[in-house]
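Novice: Got a structure for you, written out below as structure tokens; questions coming shortly.
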Amino acid sequence: MRFYATTPIYYVNARPHLGHAYTTIITDAFARFHRLAGREALFITGTDEHGDKIAQAAAKNGQSPLEYADHISGLFRETWPRLNAEPGGFIRTTEDRHVRAVTAFLDRVERRGDIYFGRYGGHYCVGCERFYTEKELVDGLCPDHRTKPGYVEEENYFFRMSAYQDWLIDHLKKNPDFIRPERYRNEVLGLLREPLEDLCISRPKSRLDWGIDLPFDDKFVTYVWFDALISYISVIGWPDDEPFGRWWPHAQHFIAKDILKPHAVFWPTMLKSAGLPLFQHLNVHGYWQLGQAKMGKSVGNAVDALGLSEVYGVEAFRYFLARDMAFGLDSEFVEDALVARYNSDLANDLGNLWQRSLAMLARFGGGVLPADMEETPGRDLAVRLAEEYRAHFQNLAVHKALAAAWELVGALNKLIDVEAPWALAKDPAKAGRLAAVLRSLVEGLALAGAMVWPVMPRTGEEIWRRLGLDPARMDMDLAGPRRNLVPGRPAAAGPALFPRVEFGGGLAAQAEKPAAPPSPSPKAEPLAPELVTIDEFRRLDLRVAEVLAAEAVPKSDKLLKLKLNLGTEERTIVAGLARHLRPEDLVGRLVVVAANLAPAKLMGITSQGMVLAASRRTPDGEELALIAPSAIIAPGSRVS
Ligand code: MSP
């Protein structure tokens, strides 16, 4: 089985922005998902460079259309790898191979008798590069751009699209999942209830000469949509048989709803007329919106995708886009929501699970991978969640697939809490159970690594590598990692996967001046005037400690009771962290404690030391950051 997917071929009238990034990232994620499922997968993208819109944008920029297109097309091409998206092909509609395909395609349609010459007048929106009927306009304006289309009347060539209306309706009825999700299929069927008009497929060169010549009349160029759609086959070599024949039967297009009609009506009828088979699916997603308006449509609200991914990290950025949009529906882009997802799903759930599991493995499993065993706690659940994940992904519900992956992460975190490996380790009779728990954690992490890989490829690969598994052989069937985990092989946590970051407000603003260190607050406490000698300082015994357990202190909104491992002993410390951190944020983390502080009683609990944190007063209260070693180091290590 194979999988061939396409993104829209983006116009070069604007720089790549979040909207383009979303479709490309999600298409990349689907290609990766299919690879993970053992299929050969290819996804392609490219740039749409002809037409009024580009000619006008180039003129505005004082450049020739090709110079201008070269520049913006280059920006698109270099953007995708920076977002960890790896298209296997990139097509520009100005390339010779594409021009050859468009010419061959037009020849076929013309030979079939589906092209005629006629006169037409209509409302043309340059932003959309298409005519609108009176009925489609909203208060006389383009429904997408909210601008008044110009009235264009001229002699042109037409494609007899109307002849294929009944055939198309029939195809949609016989193939209910041809257009997905269903709401868009219904929209297209609704549209097809009205008589379909023929499609004007040329522009007289006297008005616009930036396009591909019609093979049968060189006074005309091809209408930009008729030209651009053909890039889905020119990029895989058509009119040559290969590699076209290898990929085309498996084709799926990914688009947003703005370009539904050209993909759902023009393209299938064009293919039918040219005697070519149809694609498998048209997958349609909604809009990312900013303050209710669609991003990126000439309203100056486009968000620079790369800018944001640099602030939050590409992997977290991809995760957020995939997790927060229900495929098919619109989604409001809110930076705070991204930050919240980063901290809760990535730093907390996944990042902590990794650190805690590997810390347990280091302490109770000798730091090496445990042997496989017949039964481990939670394995059935893991298998079920992997199945759910697969089913959701197949159904385009990436957000639900990720929710299933996070259910696994949650279950593994809970396993640690419930089984309490530190308690099992104290009882020699429970050594078997302890080994099973550790095995479960390692297997579960390998599976979770595979499940996150389509959306967060570097993270998935890193998890696999650190577990001694070969990412090139990634497999989301638990049997794969089970077979390949090498018992006895050392595995260490390494640096945090998603270091928790205390994001302030206005992240985009911060991104513009990343190098500037925070200016000293005028309210910073003055430095202590009194000096201590090195010997006096050394009397303080500062140690690294691992948080084994944490709970709120009843009747206190400030205090948390922590159980800490100091290497040679366990301690209870009461710390004033409750307003800043949740108990579950702390378990598994390494902190620094003042170990030889005289014990004190707080709310009836004896606190044997103090956890170090940095803090400062802010207008809204207090900001606090725990002091932690920058790399994993054994609990009990001295801090000096
Ligand atoms: N050139 C045509 C497509 C030709 S395909 C043969 C075109 N280009 S475009 O640059 O305007 O890209 C439109 C596509 O960009 C959308 O269909 C979608 O994939 C993506 N998006 C642009 N803005 C978007 C949002 N605000 N939200 C989600 N996707 C967005 O149309």
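Novice: Out of the residues in the range 295-329 meeting the condition of being among the β-branched types (Val, Ile, Thr) and not in a helix (DSSP H, G or I), tell me which one is modelled with the lowest pLDDT.
Specialist: Here the answer is Val299.
Novice: I've got another one for you. Examine the range 214-233 for a residue that is under 25 Å from Leu191 (Cα atoms) and more than 16 Å from the ligand (Cβ to nearest atom), and state whether such a residue exists.
Specialist: No, the range 214-233 has no match at all.
Novice: Which of the numbered conditions does Gln510 fail, given that it passes all the others? Conditions: (1) at pLDDT below 80; (2) crowded, with 19+ Cβ neighbours inside 10 Å; (3) not in a loop (DSSP other than H, G, I, E, B).
Specialist: Result: Gln510 fails condition (2) only.
Novice: So which residues in the range 444-464 are of a type outside the set (A, V, I, L, M) and in contact with a Pro (Cβ under 6 Å, 6 or more places away or on another chain), if there are any at all?
Specialist: Glu461, Trp464
Novice: Now a separate question. Being farther than 24 Å from Val138 by Cβ and in a strand (DSSP E or B) is the filter here, so list the residues in the range 149-191 that pass it.
Specialist: Glu154, Glu155, Asn156, Tyr157, Phe158, Phe159, Arg180
Novice: Something else: Within the range 28-43, can one find any residue that is crowded, with 24+ Cβ neighbours inside 10 Å, closer than 22 Å to Ser234 by Cβ and modelled with pLDDT under 95?
Specialist: no
Novice: Just to check your reading of the model, which residue among Phe244, Phe226 is closer than 16 Å to Met270 by Cα, of a type outside the set (Ser, Thr, Tyr) and at pLDDT 95 or above?
Specialist: On the way: Phe244 fails: closer than 16 Å to Met270 by Cα.
Every option except Phe226 fails the conditions.
Novice: Filter the range 76-96 down to the residues that are under 27 Å from Arg35 (Cβ atoms) and surrounded by fewer than 15 Cβ atoms within 10 Å (Cβ to Cβ) and list them by number.
Specialist: Those that are under 27 Å from Arg35 (Cβ atoms) and surrounded by fewer than 15 Cβ atoms within 10 Å (Cβ to Cβ): Glu78, Pro81, Arg82, Glu86.
Novice: Quick one: how many residues across the range 108-130 are more than 13 Å from Tyr157 (Cβ to Cβ) and either of a type in the set (Lys, Arg) or under 34 Å from the mean Cα position of the chain (by Cα) (or both)?
Specialist: Residues in the range 108-130 being more than 13 Å from Tyr157 (Cβ to Cβ) and either of a type in the set (Lys, Arg) or under 34 Å from the mean Cα position of the chain (by Cα) (or both): 9 in total.
Novice: What pairs can you find where one residue is in the range 218-231 and aromatic (Phe, Trp, Tyr), the other is at pLDDT 95 or above and within 13 Å of the ligand (Cβ to nearest atom), and their Cβ atoms are less than 8 Å apart, with a gap of 6+ or different chains?
Specialist: Trp225/Pro262; Trp225/Phe266; Phe226/Val102; Phe226/Phe266; Phe226/Met270
Novice: Just to be sure before I move on: is Trp288 at pLDDT 95 or above, among the aromatic types (Phe, Trp, Tyr) and within 11 Å of the ligand (Cβ to nearest atom) in the structure I sent? I'd like the intermediate steps shown before the answer.
Specialist: Numbers: at pLDDT 95 or above: no; among the aromatic types (Phe, Trp, Tyr): yes; within 11 Å of the ligand (Cβ to nearest atom): yes.
No: the conditions fail for Trp288.
Novice: Something else: Tell me, which helices (runs of 4 or more DSSP H) wholly within the range 332-418 include 1 or more residues that are of a type in the set (Asp, Glu)?
Specialist: Where helices (runs of 4 or more DSSP H) fall fully within the range 332-418 and carry at least 1 residues being of a type in the set (Asp, Glu), they are 335-341, 379-394.
Novice: (1) within 11 Å of the ligand (Cβ to nearest atom); (2) under 24 Å from Gly328 (Cα atoms); (3) not small (Gly, Ala, Ser): which one isn't true of Phe279, the others all being true?
Specialist: That leaves (1) as the condition not met.
Each row is one residue, and each column tells you yes or no for (1) closer than 20 Å to Thr47 by Cα; (2) in contact with a strand residue (DSSP E or B) (Cβ under 6 Å, 6 or more places away or on another chain); (3) free of Cβ contacts under 8 Å to residues at least 12 places away in the same chain.
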| residue | (1), (2), (3) |
| --- | --- |
| Pro81 | yes, no, yes |
| Asn84 | yes, no, no |
| Pro87 | yes, yes, no |
| Thr93 | yes, yes, no |
| Arg112 | no, no, no |
| Tyr116 | no, yes, no |
| Val126 | yes, no, no |
| Glu129 | yes, no, no |
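Novice: Read through the list (1) more than 12 Å from the ligand (Cβ to nearest atom); (2) part of a helix (DSSP H, G or I), then give the number of the only condition that Phe90 fails.
Specialist: The single condition Phe90 does not satisfy is (2).
Novice: Restricting attention to strands (runs of 3 or more DSSP E) lying wholly within the range 562-640, give those where 2 or more residues are among the hydroxyl-bearing types (Ser, Thr, Tyr). Even if it seems obvious, please write down each step before you answer.
Specialist: Details: elements: 570-575, 590-594, 600-602, 605-607, 613-618, 621-626.
Fully inside the range 562-640 and qualifying: 605-607, 613-618.
Novice: Out of all the residues in the range 32-69, which are over 30 Å from Met456 (Cβ atoms) and assigned to a loop (DSSP other than H, G, I, E, B)?
Specialist: Across the range 32-69, the qualifying residues are Glu49, His50, Gly51, Asn61, Gly62, Gln63, Ser64.
Novice: Tally time: how many residues in the range 234-264 are part of a loop (DSSP other than H, G, I, E, B), of a type outside the set (D, E, K, R) and more than 13 Å from the ligand (Cβ to nearest atom)?
Specialist: Going through the range 234-264 one residue at a time, the tally reaches 5.
Novice: Considering only residues that are within 13 Å of the ligand (Cβ to nearest atom) and modelled with pLDDT of 95 or more, look in the range 44-70 and name the one that is surrounded by the fewest Cβ atoms within 10 Å (Cβ to Cβ). I'd like the intermediate steps shown before the answer.
Specialist: As a first pass, look at the range 44-70 and keep what is within 13 Å of the ligand (Cβ to nearest atom): 44-54, 57, 69.
Add one more test, that the residue is modelled with pLDDT of 95 or more, and what stays is 44-50, 69.
On the way: Ile44: 21, Thr45: 28, Gly46: 26, Thr47: 27, Asp48: 26, Glu49: 30, His50: 28, Ala69: 26.
Residue satisfying both the conditions and the ranking: Ile44.
The values are calculated or read from the model by the stated rules, or taken from the named source; none is laboratory data. None of the values given here were measured: they were computed from a predicted structure. Cβ coordinates were reconstructed from backbone atoms using ideal geometry, including for glycine residues, and neighbour counts include every protein chain displayed.
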